Amino acid sequence: MTLRFGVVGTGAIGRDHIRRITNTLSGGKIVAVTDVNQLSAEQAVEQYNLDATVYPDDKALVAAQDVDAVIVTSWGPAHEATVLAAVEAGKYVFCEKPLATTAEGCMRIVEAEIKQGKRLVQVGFMRRYDNGYVQLKEAIDTNYIGDPLMVRCVHRNPEVGENYTTEMAVVDTLIHEIDVLHWLVNDDYKSVQVVFPRKTRNASEHLQDPQIFTLETNGGIIINAEVFVNCKYGYDIQCEVIGEEGVAYLPEVPSIVTRKEAKLGTNILMDWKDRFINAYDKELQDFMDSIKKTGEPNGPTSWDGYIAAVTADAAVKAQKTGTKEPILLAEKPDFYQKRVVETV
Ligand code: NAP
(Lines give C-alpha, C1' and ligand atoms only; values in the text may rest on other atoms or scores of the structure.)
Protein backbone atom coordinates (compact mmCIF):
# COMPACT_ATOMS: atom_id res chain seq x y z
CA MET A 1 0.00 0.00 0.00
CA THR A 2 1.30 3.44 -0.95
CA LEU A 3 0.36 6.29 1.35
CA ARG A 4 -0.86 9.17 -0.81
CA PHE A 5 0.17 12.56 0.59
CA GLY A 6 -1.15 16.09 0.19
CA VAL A 7 1.28 18.86 1.21
CA VAL A 8 0.01 22.16 2.62
CA GLY A 9 2.79 24.76 2.40
CA THR A 10 5.49 24.34 -0.24
CA GLY A 11 8.17 26.50 1.41
CA ALA A 12 11.56 25.29 2.62
CA ILE A 13 10.66 22.29 4.77
CA GLY A 14 7.55 21.45 2.72
CA ARG A 15 9.75 20.97 -0.35
CA ASP A 16 12.33 19.08 1.66
CA HIS A 17 9.64 16.59 2.75
CA ILE A 18 8.38 16.36 -0.83
CA ARG A 19 11.94 15.56 -1.93
CA ARG A 20 12.49 12.87 0.68
CA ILE A 21 9.14 11.15 0.07
CA THR A 22 9.66 11.27 -3.70
CA ASN A 23 13.37 10.42 -3.94
CA THR A 24 14.62 8.89 -0.70
CA LEU A 25 11.95 7.09 1.34
CA SER A 26 9.71 4.20 0.43
CA GLY A 27 5.95 3.71 0.66
CA GLY A 28 4.69 7.24 -0.04
CA LYS A 29 3.72 9.41 -2.97
CA ILE A 30 2.86 13.11 -3.26
CA VAL A 31 -0.50 13.42 -5.04
CA ALA A 32 -1.59 16.94 -4.00
CA VAL A 33 -0.06 20.27 -3.02
CA THR A 34 -1.27 23.72 -2.02
CA ASP A 35 0.22 26.97 -0.81
CA VAL A 36 -1.16 30.47 -0.19
CA ASN A 37 1.17 31.34 -3.01
CA GLN A 38 -0.22 29.19 -5.85
CA LEU A 39 2.93 29.78 -7.91
CA SER A 40 5.05 28.19 -5.19
CA ALA A 41 2.87 25.05 -5.26
CA GLU A 42 3.13 24.88 -9.05
CA GLN A 43 6.92 25.32 -8.87
CA ALA A 44 7.18 22.46 -6.34
CA VAL A 45 5.29 20.15 -8.73
CA GLU A 46 7.67 21.11 -11.51
CA GLN A 47 10.82 20.95 -9.38
CA TYR A 48 10.18 17.35 -8.30
CA ASN A 49 8.40 16.27 -11.47
CA LEU A 50 5.33 15.27 -9.44
CA ASP A 51 2.16 13.72 -10.75
CA ALA A 52 0.16 15.85 -8.32
CA THR A 53 -2.85 18.18 -8.35
CA VAL A 54 -2.42 21.79 -7.22
CA TYR A 55 -5.40 22.74 -5.03
CA PRO A 56 -6.54 26.33 -4.35
CA ASP A 57 -6.48 25.86 -0.55
CA ASP A 58 -6.03 23.38 2.29
CA LYS A 59 -9.75 22.58 2.58
CA ALA A 60 -9.96 21.44 -1.03
CA LEU A 61 -6.77 19.40 -0.62
CA VAL A 62 -7.99 17.71 2.56
CA ALA A 63 -11.31 16.85 0.88
CA ALA A 64 -9.61 15.22 -2.12
CA GLN A 65 -10.57 11.52 -2.34
CA ASP A 66 -7.07 10.35 -3.22
CA VAL A 67 -5.35 12.08 -0.26
CA ASP A 68 -4.73 9.61 2.62
CA ALA A 69 -2.40 11.81 4.68
CA VAL A 70 -1.72 15.54 4.94
CA ILE A 71 1.70 17.08 5.56
CA VAL A 72 1.30 20.48 7.23
CA THR A 73 4.29 22.73 6.49
CA SER A 74 2.63 26.12 6.18
CA TRP A 75 3.50 28.86 8.65
CA GLY A 76 2.64 28.18 12.30
CA PRO A 77 -0.58 30.22 12.71
CA ALA A 78 -2.20 28.27 9.83
CA HIS A 79 -1.45 24.79 11.23
CA GLU A 80 -4.43 24.35 13.59
CA ALA A 81 -7.16 24.89 10.98
CA THR A 82 -5.57 22.46 8.51
CA VAL A 83 -4.91 19.78 11.13
CA LEU A 84 -8.48 20.03 12.46
CA ALA A 85 -9.95 19.78 8.96
CA ALA A 86 -7.83 16.72 8.22
CA VAL A 87 -8.60 14.98 11.52
CA GLU A 88 -12.31 15.65 11.13
CA ALA A 89 -12.09 14.08 7.67
CA GLY A 90 -10.43 11.02 9.26
CA LYS A 91 -7.12 11.61 7.44
CA TYR A 92 -3.63 11.08 8.80
CA VAL A 93 -1.58 14.20 9.52
CA PHE A 94 2.13 14.85 9.76
CA CYS A 95 2.35 18.39 11.18
CA GLU A 96 5.54 20.40 11.55
CA LYS A 97 5.85 22.27 14.82
CA PRO A 98 3.92 24.04 16.18
CA LEU A 99 0.86 21.79 16.20
CA ALA A 100 -1.04 24.99 16.99
CA THR A 101 0.20 28.33 18.30
CA THR A 102 -1.88 28.13 21.50
CA ALA A 103 -2.43 25.44 24.12
CA GLU A 104 -6.19 25.79 23.54
CA GLY A 105 -5.65 25.14 19.85
CA CYS A 106 -3.63 22.00 20.59
CA MET A 107 -6.36 20.85 22.96
CA ARG A 108 -8.98 21.26 20.22
CA ILE A 109 -6.88 18.93 18.04
CA VAL A 110 -6.47 16.45 20.92
CA GLU A 111 -10.26 16.39 21.41
CA ALA A 112 -10.94 16.00 17.69
CA GLU A 113 -8.48 13.11 17.48
CA ILE A 114 -9.93 11.33 20.52
CA LYS A 115 -13.37 11.67 18.91
CA GLN A 116 -12.07 9.80 15.87
CA GLY A 117 -11.10 6.92 18.18
CA LYS A 118 -7.59 6.40 16.82
CA ARG A 119 -4.32 8.24 16.49
CA LEU A 120 -4.12 10.21 13.27
CA VAL A 121 -1.56 12.92 14.05
CA GLN A 122 2.22 12.94 14.34
CA VAL A 123 4.09 16.15 15.20
CA GLY A 124 7.45 16.79 13.50
CA PHE A 125 9.63 16.70 16.58
CA MET A 126 12.40 14.91 14.70
CA ARG A 127 15.04 14.87 17.43
CA ARG A 128 13.41 11.76 18.91
CA TYR A 129 14.61 9.98 15.75
CA ASP A 130 18.21 11.19 16.02
CA ASN A 131 20.61 8.31 16.73
CA GLY A 132 22.37 10.23 19.50
CA TYR A 133 19.18 11.03 21.39
CA VAL A 134 17.97 7.45 20.90
CA GLN A 135 21.20 6.21 22.55
CA LEU A 136 20.85 8.72 25.38
CA LYS A 137 17.31 7.53 25.99
CA GLU A 138 18.47 3.93 26.03
CA ALA A 139 21.08 4.79 28.69
CA ILE A 140 18.27 6.25 30.81
CA ASP A 141 15.56 3.66 30.13
CA THR A 142 17.89 0.71 30.81
CA ASN A 143 18.96 2.43 34.04
CA TYR A 144 22.60 2.40 32.85
CA ILE A 145 23.31 5.80 34.43
CA GLY A 146 20.75 5.41 37.21
CA ASP A 147 17.97 7.90 37.83
CA PRO A 148 18.58 11.20 36.03
CA LEU A 149 19.18 14.09 38.43
CA MET A 150 20.27 16.94 36.17
CA VAL A 151 20.44 17.71 32.47
CA ARG A 152 22.63 20.35 30.85
CA CYS A 153 22.04 21.29 27.26
CA VAL A 154 23.05 23.82 24.67
CA HIS A 155 21.35 25.04 21.49
CA ARG A 156 23.61 27.39 19.54
CA ASN A 157 23.17 28.83 16.06
CA PRO A 158 25.88 30.81 14.26
CA GLU A 159 23.46 33.69 13.63
CA VAL A 160 19.80 34.56 13.07
CA GLY A 161 17.95 37.03 10.85
CA GLU A 162 16.95 40.56 11.86
CA ASN A 163 13.33 39.51 12.47
CA TYR A 164 14.24 36.90 15.11
CA THR A 165 12.92 38.04 18.52
CA THR A 166 13.53 37.16 22.16
CA GLU A 167 10.26 35.17 22.17
CA MET A 168 11.36 33.15 19.13
CA ALA A 169 14.21 31.75 21.22
CA VAL A 170 11.41 29.78 22.91
CA VAL A 171 8.83 29.11 20.20
CA ASP A 172 11.27 28.38 17.36
CA THR A 173 14.46 27.22 19.07
CA LEU A 174 14.02 25.91 22.64
CA ILE A 175 10.82 24.16 21.47
CA HIS A 176 12.95 21.22 20.25
CA GLU A 177 14.59 20.83 23.69
CA ILE A 178 11.15 21.20 25.30
CA ASP A 179 9.89 18.22 23.34
CA VAL A 180 12.90 15.94 23.41
CA LEU A 181 13.82 16.39 27.08
CA HIS A 182 10.55 15.31 28.72
CA TRP A 183 10.55 12.30 26.40
CA LEU A 184 14.18 11.59 27.32
CA VAL A 185 13.72 11.66 31.10
CA ASN A 186 10.14 10.27 31.14
CA ASP A 187 8.82 13.10 33.28
CA ASP A 188 6.57 16.14 32.90
CA TYR A 189 7.67 19.71 33.53
CA LYS A 190 6.65 21.59 36.65
CA SER A 191 8.19 25.06 36.27
CA VAL A 192 10.46 27.24 34.16
CA GLN A 193 12.65 30.24 34.89
CA VAL A 194 14.78 32.35 32.55
CA VAL A 195 17.89 34.41 33.17
CA PHE A 196 19.61 36.65 30.68
CA PRO A 197 23.41 36.75 30.84
CA ARG A 198 25.35 39.70 29.42
CA LYS A 199 24.01 40.31 25.92
CA THR A 200 26.23 39.61 22.91
CA ARG A 201 26.93 42.63 20.73
CA ASN A 202 26.09 40.41 17.73
CA ALA A 203 22.36 40.35 18.63
CA SER A 204 19.86 42.83 17.20
CA GLU A 205 18.29 45.50 19.41
CA HIS A 206 15.07 43.48 19.94
CA LEU A 207 16.80 40.21 20.81
CA GLN A 208 18.10 39.17 24.21
CA ASP A 209 20.86 36.67 23.41
CA PRO A 210 21.99 34.37 25.02
CA GLN A 211 19.28 33.09 27.36
CA ILE A 212 19.41 30.40 30.03
CA PHE A 213 16.29 28.40 30.87
CA THR A 214 15.89 26.30 33.99
CA LEU A 215 13.16 23.69 33.73
CA GLU A 216 12.15 21.57 36.71
CA THR A 217 10.28 18.30 36.32
CA ASN A 218 7.65 16.83 38.64
CA GLY A 219 10.26 14.31 39.81
CA GLY A 220 12.74 17.10 40.70
CA ILE A 221 15.13 16.82 37.74
CA ILE A 222 16.71 20.20 37.00
CA ILE A 223 17.37 20.96 33.34
CA ASN A 224 19.58 23.86 32.34
CA ALA A 225 19.20 24.83 28.69
CA GLU A 226 21.26 27.54 27.01
CA VAL A 227 19.92 29.15 23.85
CA PHE A 228 22.56 31.26 22.08
CA VAL A 229 21.58 32.07 18.52
CA ASN A 230 24.45 34.38 17.50
CA CYS A 231 27.34 32.26 18.74
CA LYS A 232 29.15 32.71 15.40
CA TYR A 233 31.23 29.52 15.41
CA GLY A 234 28.63 26.93 14.33
CA TYR A 235 25.37 25.06 14.85
CA ASP A 236 26.00 23.18 18.04
CA ILE A 237 23.60 20.94 19.97
CA GLN A 238 24.81 19.48 23.25
CA CYS A 239 23.12 17.44 25.93
CA GLU A 240 24.52 15.85 29.06
CA VAL A 241 22.40 13.76 31.41
CA ILE A 242 23.76 13.38 34.92
CA GLY A 243 22.39 10.28 36.65
CA GLU A 244 22.89 8.69 40.08
CA GLU A 245 25.31 6.10 38.69
CA GLY A 246 26.92 7.86 35.75
CA VAL A 247 26.76 10.50 33.07
CA ALA A 248 25.71 10.23 29.40
CA TYR A 249 26.52 12.72 26.64
CA LEU A 250 24.90 13.27 23.27
CA PRO A 251 27.55 12.15 20.73
CA GLU A 252 29.33 14.84 18.73
CA VAL A 253 28.59 14.90 15.00
CA PRO A 254 31.23 12.66 13.35
CA SER A 255 33.91 14.61 11.52
CA ILE A 256 37.39 14.02 10.19
CA VAL A 257 40.16 14.96 12.57
CA THR A 258 42.95 17.12 11.19
CA ARG A 259 46.45 17.79 12.41
CA LYS A 260 47.87 20.96 10.95
CA GLU A 261 50.13 23.82 12.03
CA ALA A 262 50.49 22.49 15.56
CA LYS A 263 46.71 22.16 15.97
CA LEU A 264 44.35 19.20 16.28
CA GLY A 265 41.00 20.00 14.65
CA THR A 266 37.49 18.66 13.93
CA ASN A 267 34.69 20.32 11.98
CA ILE A 268 31.52 21.81 13.42
CA LEU A 269 28.37 22.11 11.26
CA MET A 270 27.15 25.58 10.35
CA ASP A 271 23.66 24.77 9.04
CA TRP A 272 20.90 23.31 11.25
CA LYS A 273 19.45 21.46 8.24
CA ASP A 274 22.50 19.19 8.16
CA ARG A 275 22.46 18.29 11.85
CA PHE A 276 19.23 16.26 11.90
CA ILE A 277 19.05 15.25 8.24
CA ASN A 278 18.84 11.52 9.06
CA ALA A 279 16.26 12.14 11.76
CA TYR A 280 13.98 13.94 9.26
CA ASP A 281 14.18 10.90 7.00
CA LYS A 282 13.52 8.47 9.82
CA GLU A 283 10.52 10.32 11.29
CA LEU A 284 8.65 10.32 7.98
CA GLN A 285 9.61 6.73 7.17
CA ASP A 286 8.35 5.70 10.61
CA PHE A 287 5.11 7.65 10.03
CA MET A 288 4.47 5.65 6.86
CA ASP A 289 5.64 2.28 8.18
CA SER A 290 3.70 2.54 11.39
CA ILE A 291 0.45 3.52 9.67
CA LYS A 292 0.87 0.57 7.32
CA LYS A 293 1.64 -1.84 10.11
CA THR A 294 -0.74 -0.73 12.86
CA GLY A 295 -3.16 1.75 11.31
CA GLU A 296 -1.77 4.57 13.49
CA PRO A 297 1.34 6.77 13.52
CA ASN A 298 3.84 6.00 16.25
CA GLY A 299 5.85 9.23 16.70
CA PRO A 300 5.25 12.37 18.80
CA THR A 301 1.53 12.80 19.49
CA SER A 302 -0.95 15.66 19.57
CA TRP A 303 -0.54 15.47 23.35
CA ASP A 304 3.20 16.13 22.91
CA GLY A 305 2.23 19.13 20.77
CA TYR A 306 0.02 20.31 23.65
CA ILE A 307 2.83 19.84 26.22
CA ALA A 308 5.17 21.87 24.01
CA ALA A 309 2.61 24.69 23.68
CA VAL A 310 1.89 24.91 27.43
CA THR A 311 5.60 24.81 28.27
CA ALA A 312 6.48 27.40 25.63
CA ASP A 313 3.74 29.74 26.95
CA ALA A 314 5.16 29.46 30.47
CA ALA A 315 8.73 30.04 29.21
CA VAL A 316 7.68 33.16 27.29
CA LYS A 317 5.95 34.43 30.42
CA ALA A 318 9.09 33.66 32.45
CA GLN A 319 11.15 35.75 30.00
CA LYS A 320 8.97 38.71 30.96
CA THR A 321 8.55 38.16 34.71
CA GLY A 322 12.04 36.88 35.54
CA THR A 323 10.45 34.59 38.12
CA LYS A 324 9.77 30.86 38.24
CA GLU A 325 6.56 30.20 36.27
CA PRO A 326 4.46 27.07 36.83
CA ILE A 327 3.79 24.73 33.92
CA LEU A 328 0.23 23.56 34.39
CA LEU A 329 -0.77 20.66 32.18
CA ALA A 330 -4.26 19.20 31.97
CA GLU A 331 -4.55 15.55 32.94
CA LYS A 332 -3.22 13.27 30.22
CA PRO A 333 -6.14 11.48 28.52
CA ASP A 334 -6.05 7.66 28.68
CA PHE A 335 -6.07 7.76 24.89
CA TYR A 336 -2.42 8.93 24.92
CA GLN A 337 -1.13 6.56 27.59
CA LYS A 338 1.09 3.89 26.06
CA ARG A 339 -1.31 1.45 24.52
CA VAL A 340 -1.22 -1.56 22.31
CA VAL A 341 -2.17 -0.51 18.83
CA GLU A 342 -4.21 -3.09 16.97
CA THR A 343 -2.52 -4.45 13.90
CA VAL A 344 -4.63 -4.00 10.78
P1 NAP B 1 8.56 28.81 4.80
O2 NAP B 1 9.72 28.51 3.93
O3 NAP B 1 8.14 30.22 5.04
O4 NAP B 1 7.33 28.00 4.20
C5 NAP B 1 6.00 28.15 4.64
C6 NAP B 1 5.16 28.08 3.38
O7 NAP B 1 3.81 27.97 3.71
C8 NAP B 1 5.33 29.33 2.50
O9 NAP B 1 5.38 28.95 1.15
C10 NAP B 1 4.07 30.11 2.83
O11 NAP B 1 3.70 30.99 1.80
C12 NAP B 1 3.08 28.97 2.97
N13 NAP B 1 1.88 29.27 3.72
C14 NAP B 1 1.69 30.17 4.71
N15 NAP B 1 0.41 30.10 5.12
C16 NAP B 1 -0.20 29.16 4.39
C17 NAP B 1 -1.53 28.65 4.33
N18 NAP B 1 -2.47 29.15 5.14
N19 NAP B 1 -1.82 27.66 3.45
C20 NAP B 1 -0.86 27.18 2.62
N21 NAP B 1 0.41 27.65 2.62
C22 NAP B 1 0.74 28.61 3.49
O23 NAP B 1 8.74 28.16 6.23
P24 NAP B 1 9.45 26.77 6.61
O25 NAP B 1 10.80 27.03 7.10
O26 NAP B 1 9.26 25.78 5.51
O27 NAP B 1 8.58 26.36 7.88
C28 NAP B 1 7.28 25.82 7.77
C29 NAP B 1 6.87 25.23 9.13
O30 NAP B 1 7.75 24.17 9.45
C31 NAP B 1 6.93 26.23 10.28
O32 NAP B 1 5.85 25.99 11.15
C33 NAP B 1 8.24 25.91 10.96
O34 NAP B 1 8.21 26.19 12.35
C35 NAP B 1 8.36 24.41 10.72
N36 NAP B 1 9.76 23.97 10.65
C37 NAP B 1 10.16 22.95 11.44
C38 NAP B 1 11.48 22.54 11.40
C39 NAP B 1 11.95 21.41 12.27
O40 NAP B 1 13.14 21.39 12.58
N41 NAP B 1 11.13 20.45 12.62
C42 NAP B 1 12.38 23.15 10.55
C43 NAP B 1 11.94 24.18 9.73
C44 NAP B 1 10.63 24.58 9.78
P45 NAP B 1 4.28 32.50 1.82
O46 NAP B 1 5.77 32.38 1.72
O47 NAP B 1 3.65 33.12 0.62
O48 NAP B 1 3.84 33.11 3.12
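The values are calculated or read from the model by the stated rules, or taken from the named source; none is laboratory data. Only a predicted model underlies this, so the values are computations on that prediction, with no experimental measurement involved. Heads up, the Cβs are rebuilt from the backbone with ideal geometry, glycines too, and the neighbour counts pull from every protein chain shown. SASA here: full protein model, heavy atoms, side chains in, ligands and nucleic acids out. Shrake-Rupley method; radii C 1.70, N 1.55, O 1.52, S 1.80 Å.
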- Message: Starting from the 7 Å offset along Cα-to-Cβ, what nm value, one decimal, do you get for the label separation of THR24 and GLN65?
- Response: 3.4 nm
- Length gained, ASN202-ILE277, 0.36 nm per residue minus C-alpha separation, equals 24.2 nm
- Task: Give the accessible surface of segment 131-270 per residue, rounded to a whole number of Å², with probe radius 1.4 Å and ligands, DNA and RNA excluded.
- Result: 53 Å²
- Quick one: go through segment 79-97 and flag any residue whose amide nitrogen is under 12 Å from the point 7 Å out along the Cα-to-Cβ line of VAL36. 79
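Using DSSP to define loop residues, name the chymotrypsin sites (Phe, Trp or Tyr not before Pro) in segment 105-192 whose beta-carbon has at most 16 other beta-carbon atoms within 10 Å.
On the way: sites: PHE125, TYR129, TYR133, TYR144, TYR164, TRP183, TYR189; in loops: PHE125, TYR144, TYR164.
When the chymotrypsin sites (Phe, Trp or Tyr not before Pro) of segment 105-192 are filtered for loop state and at most 16 Cβ neighbours within 10 Å, TYR144 remain.
Determine, for each peptide in 195-205, 46-56, the mean count of other beta carbons within 10 angstrom over its residues, then list the peptides with the highest first.
With the highest mean Cβ count within 10 Å placed first, the list reads 46-56, 195-205.
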- Query: How much length, in nm to one decimal, is gained on full extension between GLN238 and GLU111, taken as 0.36 nm per residue of separation minus their Cα-Cα distance?
  - Reply: 42.2 nm
- With label points built 7 Å along Cα→Cβ from the Cα atoms of ASN224 and ASP51, find their separation and express it in nm. 5.7 nm
- Note on the structure: The lysines whose Cα lies under 28 Å from the Cα of LYS338, excluding any fewer than 8 residues away in the same chain, are LYS91, LYS97, LYS115, LYS118, LYS137, LYS190, LYS282, LYS292, LYS293
- Sorting TRP272, TRP303 by accessible area (1.4 Å probe), largest first, what list results? TRP272, TRP303
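Percent antiparallel among DSSP beta bridges with both residues in the chain, to the nearest 5? Intermediate results must be reported in sequence, preceding the final value.
Working: 29 of 55 bridges.
The answer is about 55 percent antiparallel.
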- Query: Taking the chain as a Gaussian network, Cα atoms linked when under 10 Å apart, which of LEU181, LEU269, LEU215 shows the biggest mean-square fluctuation?
  - Reply: LEU269
- Which percent of the accessible area of the chain is formed by carbon and sulfur heavy atoms (probe 1.4 angstrom)? 50 percent
- Query: Within straight cross-link reach of LYS317, meaning Cα distance under 13 Å, which aspartates and glutamates are found once same-chain residues fewer than 8 apart are removed?
  - Reply: GLU167, GLU325
- Qualifying trypsin sites (Lys or Arg not before Pro) in segment 247-344, DSSP loop, other Cβ atoms within 10 Å at most 12: LYS338, ARG339
- Query: If each of GLN43 and GLU167 carries a label point 7 Å out from its Cα toward its Cβ, how far apart are those two points in nm?
  - Reply: 2.9 nm
